[in-house]
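A.B. asks: Sharing a structure, written as structure tokens. Questions coming.
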Amino acid sequence: MSILDGASRSVTPRLRWGTFLAVALMAAVLLALLIGQMAHPLRIAQSLLPFALIGGFLIRGLGYHAPHTRFGAANLVTLTRAAGVCLLAGFVGWADDAAALGWLLPLMAAALLALDGLDGWLARRFGLASAYGARFDMEVDGFLILVLALLVAEGTAAGPWVVLCGALRYLFLGWLALMPRYDRPLPPSLRRKSVFVVQAIALVGALVPGLPDIAAIALAALAAGLVSASFAIDSFGLYRTEKKEQTP
């Protein structure tokens, strides 16, 4: 479960400058969209700061993009998704602005979710799959769920408990950091992928304007319940594996 597996490799100028230009271009597009909305300066900062962090970690991790020498279309799609999530993050704490978007808010979120499968397909189609790209995609997915959970908590009848949907992943990573003996790769799991898709759809559905309160609460509860059960299964699995390895 380390940030990225494998030793760092040399980074070609083409890869470094291509990544830098992609991040700079997407930051400019994000800023233009925020200015076009006449967003409050705090909202602009709220969107640009997480994107700057994403871009910084992206450039810093280039050594793990080996053996590829270009940023690639797949990572560009994921970067676009990251910018979209940061745009949504700018509405957290601005409930009136978020409500004014109406149907546009859930449609934006649904589009970001729909793009999730495109980057993986492009990576496989053009032979650009890497641990770097897979981890980048995973972090954007995690941030998307956190932002959606915060928006649902603020804009619907669901209570603050729905934030658990997005917070659990970071709590899980914190647990592994504090208990490194449990930190090991998890086997591929269809259950884990399915839970992500269902909880994301449920959170997007809860944001639909005019949805009855009971329906929004039910969708939020479904998302929180599924992700809690999934993380509990993974945590128990890691605990059981560690105990077996410690048994003489």
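A.B. asks: Among the residues of the stretch 200-210, are any within 21 Å of MET138 (Cα to Cα) and open to solvent by 50 Å² or more (accessible area, probe 1.4 Å)?
C.D. replies: Looking through the stretch 200-210, at least one residue is within 21 Å of MET138 (Cα to Cα) and open to solvent by 50 Å² or more (accessible area, probe 1.4 Å).
A.B. asks: Here is a further query. Based on this model, can you work out whether ARG240 counts as assigned to a loop (DSSP other than H, G, I, E, B) and farther than 26 Å from LEU115 by Cβ?
C.D. replies: Here the answer is no, as ARG240 does not meet what is asked.
A.B. asks: Look at ARG191 and say whether it is open to solvent by 70 Å² or more (accessible area, probe 1.4 Å), in contact with a helix residue (DSSP H, G or I) (Cβ under 9 Å, 6 or more places away or on another chain) and modelled with pLDDT under 95.
C.D. replies: yes
A.B. asks: Checking the conditions here, which among VAL152, VAL147 is touching a residue at least 40 places away in the same chain (Cβ under 8 Å), farther than 24 Å from GLY61 by Cβ and open to solvent by less than 40 Å² (accessible area, probe 1.4 Å)?
C.D. replies: VAL152
A.B. asks: Select, from GLY127, GLY117, the only residue that is outside any helix (DSSP H, G or I) and modelled with pLDDT under 95.
C.D. replies: Result: GLY127 is the single residue among GLY127, GLY117 that is outside any helix (DSSP H, G or I) and modelled with pLDDT under 95.
A.B. asks: Touching a Cys at 6+ places or on another chain (Cβ under 6 Å) and either of a type in the set (Gly, Ala, Ser) or surrounded by 13 or more Cβ atoms within 10 Å (Cβ to Cβ) (or both): is that true of ALA167 in this structure?
C.D. replies: So ALA167 does not fit the description; no.
A.B. asks: What is the residue count in the stretch 83-115 for residues that are touching a residue at least 24 places away in the same chain (Cβ under 8 Å) and closer than 16 Å to ALA149 by Cα?
C.D. replies: Residues that pass the stated criteria total 21.
A.B. asks: Tell me whether the stretch 50-67 contains one or more residues that are farther than 19 Å from LEU25 by Cβ and open to solvent by 60 Å² or more (accessible area, probe 1.4 Å).
C.D. replies: Yes - at least one qualifying residue is present in the stretch 50-67.
A.B. asks: Restricting the search to the stretch 12-48, which residues are open to solvent by less than 50 Å² (accessible area, probe 1.4 Å) and under 20 Å from SER130 (Cα atoms)?
C.D. replies: Selection gives THR12, LEU15, GLY18, THR19, ALA22, VAL23.
A.B. asks: Tally the residues that are small (Gly, Ala, Ser) and either under 16 Å from LEU101 (Cβ atoms) or in contact with a strand residue (DSSP E or B) (Cβ under 7 Å, 6 or more places away or on another chain) (or both), restricting the search to the stretch 192-204.
C.D. replies: Total satisfying the criteria: 0.
A.B. asks: Within the stretch 121-135, can you find the residues that are open to solvent by 20 Å² or more (accessible area, probe 1.4 Å) and closer than 21 Å to PHE51 by Cα?
C.D. replies: ALA131, ALA134, ARG135
The values are calculated or read from the model by the stated rules, or taken from the named source; none is laboratory data. A quick note: this is a predicted structure, and the numbers were derived from the prediction, not measured. Heads up, the Cβs are rebuilt from the backbone with ideal geometry, glycines too, and the neighbour counts pull from every protein chain shown. Remember, those area values only see protein heavy atoms, side chains included, never the ligands or the DNA or RNA. Shrake-Rupley method; radii C 1.70, N 1.55, O 1.52, S 1.80 Å.
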